[in-house]
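**Q** Structure incoming, see below.
Derivation of every value follows stated rules applied to the coordinates shown; laboratory data play no part. Please read these numbers as outputs of a predicted model, since none were measured by experiment. Neighbour counts run over all protein chains shown; Cβ positions are idealised from the backbone, glycine included.
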Amino acid sequence: MTDLTKLTIAQAKAKLDAKEITSVELTDAYLSNIEAANGELNAYVSVTADKARSMAKASDERRASGTIGDLEGIPLGIKDLFATQDDHMQAASHILDDFKPRYESTVTSNLWAAGAVQLGKLNMDEFAMGSSNENSYYGPVKNPWKAQGSDKALVPGGSSGGSSAAVASMLCAGATATDTGGSIRQPAAFTGTVGIKPTYGRCSRWGVAAYASSLDQAGSINRDVRDAAIMLKTMASVDLKDTTSVDLPVPNYEAAIGKSMKGMKIGIPKEYRVEGMSKEIEDLWQKGIDWYKAAGAEIVEISLPHTKYALPAYYIVAPAEASSNLARYDGVRYGLRVNGDNIEDMYKKTRAAGFGDEVKLRIMVGTYVLSAGYYDAYYIKAQKVRTLIKKDFEDVFAQGIDVILTPTTPSSAFEIGDKEMASDPVKMYLNDIFTVTVNMAGLPGLSVPAGLDSKGLPLGLQLIGKPFEEETLFQAGHVIEEAAGRFEAKKWW
Amino acid sequence: MSVDITTVKRVAKLARLAVSDAEAEKMQGELNNIIGFIEQLSEVNVEGVEAMTSVVDTTMRRRDDIVNDGNKVDDIVANAPITEDNFFTVPKVIE
């Protein structure tokens, strides 16, 4: 019998449609994978097995009666940042202890309305702050990939590290994720999976715990480009509960896959050739360029002059917004409370006990840059730089560039407990050097696995598109996938 | 620019975070690393550039001025650590 958990969403849909399998069977196969693997990988922080089985049963019944949604019967993992009614939802933080929302996020509502099945909640960096999933209250997630000849545990990337690890190790057919500075694309690159971060406003943020509201965007991590296209079609919607969600029709993204690239212009930004870039990354990038040439696209060198300022500007804007968003966790309305001598003492003790070190650090940075006398020098300055970064992209798109090709990350996955990164937060932040510009400009970005490095670890290429032109990303992403093939971790767990 | 330990403690108070002396010291080093990193922006000439307020060009939608949600007292207090008669309770604020 075929291993049902190795099917892509598109393949599973076809088998369900042909009545070869049921959603109950598919769901049970994933639940038994989770049971066998989660103790080792730690990808899920909560498994909702009963809910999954009853959703799968209901899906099979709907199917029998002729009602078939776009994701009918497909078992998904949900990042712990999304509110799912009456379930675990803690953004992988201690401060939300025992919080069970009485409401459902818009993105997950859309998924369930399309017939999908919820397997559980996925581990992540606390409040989506991190690039390694080591900042979780529930402990680190292990990458299903290991370097050749090494038994060392590697990080799955972050912040959506549970999502990337679960998709790569067949613990779900696809996973929701969120991306504020690279949190979908970097973990996808580290695990040989596909990650789509849509245009800001494409998916509703309602019911998603806020990190940096002007940058946060929901998306997904998938086995291949087609699955990412299928999932985004359901996740994207205009939502009256999120005024920044955009009222534009949601296209059938899947239809873009397989379209010819002939005559399309691929921009190669020279500023992404950063100092000290490894030869492996450079070679991978060149391979991508060659694939597009072979596909009939035109390669154009472009300039995005403010690239180098995106990361420092991000580390003003994101912590500033985080310090404000996270002010709500005060021990009064939900989550943890640590008693104190008076109300202020209660707030301080609760927050000190409830937040992890990285979250505290970012709250401190944010509070500092917003404090009296510094607001203009830091926050306003960063928002001006952001205007310039966005203009860089607008200029190249106005020159006729259809899509921009870059590496996703400066390296492959690193070890859990990497000393250099642990000793200097800025080193960890540099993981997002190629991805963060996209969030600063609100653009869509897609990471597609493109090859393995000399250690046998996956690397990704990133495609950056015009606002709301995710279709072009799926079209172009499929070219990489066709040329590079699929990458699957060797099972050791 | 760099922050001293007094500033770290002042910012921690503003952020309502209890920090020990050892934590404050650790944070001081990390904060200075980050501040050093973001100082790079001083190289950028932003004269005449408008600060971004919205990354996507949209007009803010308006909704009808009607009540469309509410009467959910139980839901609202359901997750609170301590409640009394549908109120959140906190330590005494006024002596």
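**Q** Could you work out the mean count of beta carbons from other protein chains within 10 Å of each residue's beta carbon in B:28-36?
**A** Details: counts 1, 3, 10, 5, 0, 7, 14, 6, 2.
Whole-number average of other-chain Cβ neighbours for B:28-36 is 5.
**Q** Taking chain B as a Gaussian network, Cα atoms linked when under 10 Å apart, which of B:G29, B:G48, B:G70 shows the biggest mean-square fluctuation?
**A** Judging by the Gaussian network model, the answer is B:G70.
**Q** A further question on this structure: If packing is taken as the mean number of other Cβ atoms within 10 Å per residue, what is the order of A:78-87, B:79-88, A:40-49, highest first? Working shown, then result.
**A** Numbers: A:78-87: 25.3, B:79-88: 13.5, A:40-49: 20.9.
So the order, starting with the most tightly packed, is A:78-87, A:40-49, B:79-88.
**Q** Looking at the range A:349-482, what % of the alpha carbon pairs are farther apart than 21 Å?
**A** Taking all Cα-Cα pairs of the range A:349-482, the fraction more than 21 Å apart is 59 percent.
**Q** A follow-up question, please. For A:K384, list the lysines whose Cα falls under 16 Å from its own Cα; do not include residues on the same chain fewer than 8 positions away.
**A** A:K384 reaches A:K308.
**Q** May I ask which of B:K26/B:K92; A:K427/A:K455; A:K146/A:K419; A:K197/A:K265 have a Cα-Cα span longer than 24 Å here? Walk me through the intermediate numbers first.
**A** Numbers: B:K26/B:K92 33 Å; A:K427/A:K455 21 Å; A:K146/A:K419 18 Å; A:K197/A:K265 21 Å.
From B:K26/B:K92; A:K427/A:K455; A:K146/A:K419; A:K197/A:K265, over 24 Å: B:K26/B:K92.
**Q** Go through A:227-236, A:467-476 and give me the packing order, highest mean Cβ count within 10 Å leading.
**A** A:227-236, A:467-476
**Q** Next question. Report, largest value first, the span of the C-alpha coordinates of the range B:1-57 along each principal axis, in whole Å.
**A** 44, 25, 15
**Q** Here is a further query. Any chance you could tell me what percent of the C-alpha pair distances in the protein assembly as shown go past 37 Å?
**A** 30 percent
**Q** Per residue of A:362-372, how many C-beta atoms from partner chains lie within 10 Å of its own C-beta, taken as a mean?
**A** Taking the mean over all residues of the peptide, I get 6.
**Q** Sticking with this structure for a sec: On a full-extension model of 0.36 nm per residue, what is the gain between A:Q85 and A:S32, subtracting their alpha-carbon distance, rounded to one decimal in nm? Please list the in-between numbers first.
**A** Numbers: separation 53, 0.36 × 53 = 19.08 nm, distance 2.38 nm.
Taking A:Q85 through A:S32 to full extension adds about 16.7 nm, to one decimal.
**Q** Starting from the Kirkwood radius over alpha-carbon pairs of the range A:1-147, derive D by Stokes-Einstein at 37 °C in a medium of 0.692 mPa s and give it in µm² s⁻¹. Present the calculation step by step, with values, prior to reporting the outcome.
**A** Working: Rh = 16.0 Å.
My calculation gives 206 µm²/s for D.
**Q** In whole Å, what are the Cα extents of chain B along the three principal axes, biggest one first?
**A** 53, 45, 24
**Q** For the range A:101-194, evaluate the Debye formula with one uniform point scatterer on each Cα (no solvent term) and list log10 I(q)/I(0) at q = 0.11, 0.12, 0.23, 0.26 Å⁻¹, rounded to two decimals.
**A** So the normalised log intensities work out to -0.31, -0.37, -1.15, -1.32.
**Q** Please grab the % of Cα pairs in the range A:11-93 that end up more than 14 Å from each other.
**A** 66 percent
**Q** So how many Å³ per residue does the convex hull of the Cα atoms of the range A:170-251 work out to?
**A** 91 Å³
**Q** Further question on the same structure: With 10 Å bins from zero, work out the P(r) of the range A:142-300 over every alpha carbon pair and list the percent per bin.
**A** Histogramming the range A:142-300 at 10 Å steps yields 10, 29, 37, 21, 3, 0 percent.
**Q** In addition: Roughly how compact is the range A:10-53, stated as its Cα Rg over 2.2 N^0.38 Å to two decimals? Let's see the in-between values first.
**A** On the way: Rg = 12.3 Å, N = 44, 2.2 N^0.38 = 9.3 Å.
Cα-based Rg divided by the globular estimate yields 1.32.
**Q** Loop only per DSSP, at most 13 neighbouring Cβ atoms within 10 Å: give me the trypsin sites (Lys or Arg not before Pro) in the range B:1-92, ordered by residue number.
**A** Answer by residue number: B:R61, B:R62, B:R63, B:K72, B:K92.
**Q** Beyond 28 Å between alpha-carbons counts as too far, so tell me which of A:K15/A:K259; A:K51/A:K490; A:K121/B:K72; A:K57/A:K241 fall in that bin.
**A** Over 28 Å apart, Cα to Cα: A:K51/A:K490; A:K57/A:K241.
**Q** Can you compute the FRET efficiency between A:K391 and A:M277 using 1/(1 + (r/R0)^6), with r the Cβ-Cβ distance and R0 = 35 Å? Round to the nearest 0.05.
**A** Values: r = 25 Å, r/R0 = 0.72.
It comes out at approximately 0.90.
**Q** Can you give me the convex hull volume of the Cα atoms of the range A:231-283, divided per residue and expressed in Å³?
**A** Dividing the Cα hull volume of the range A:231-283 by its residue count gives 203 Å³.
**Q** Same structure again: Once you wrap a convex hull around the alpha carbon atoms of the range A:307-389, what is its projected area averaged over all directions, in nm²?
**A** Averaging across all directions leaves 6.3 nm² for the Cα convex hull.
**Q** If you don't mind, another one. I'd like to compare A:324-335, A:2-13: which one has the highest average count of other Cβ atoms within 10 Å, and what's the full order after that?
**A** Listed from highest to lowest mean packing, they are A:324-335, A:2-13.
**Q** What whole-number volume per residue, in cubic angstrom, does the convex hull of the C-alpha atoms of the range A:403-493 give?
**A** It comes to 119 Å³ per residue, whole-number rounded.
**Q** Sticking with the crude label model, points 7 Å out along Cα→Cβ, report the distance from A:K259 to B:K92 in nm, one decimal please.
**A** Output for this residue pair reads 6.9 nm.
**Q** At a 10 Å Cβ-Cβ cut-off, how would you order B:V49, B:V11, fewest neighbours first?
**A** Ranked by crowding around the Cβ, least crowded first: B:V49, B:V11.
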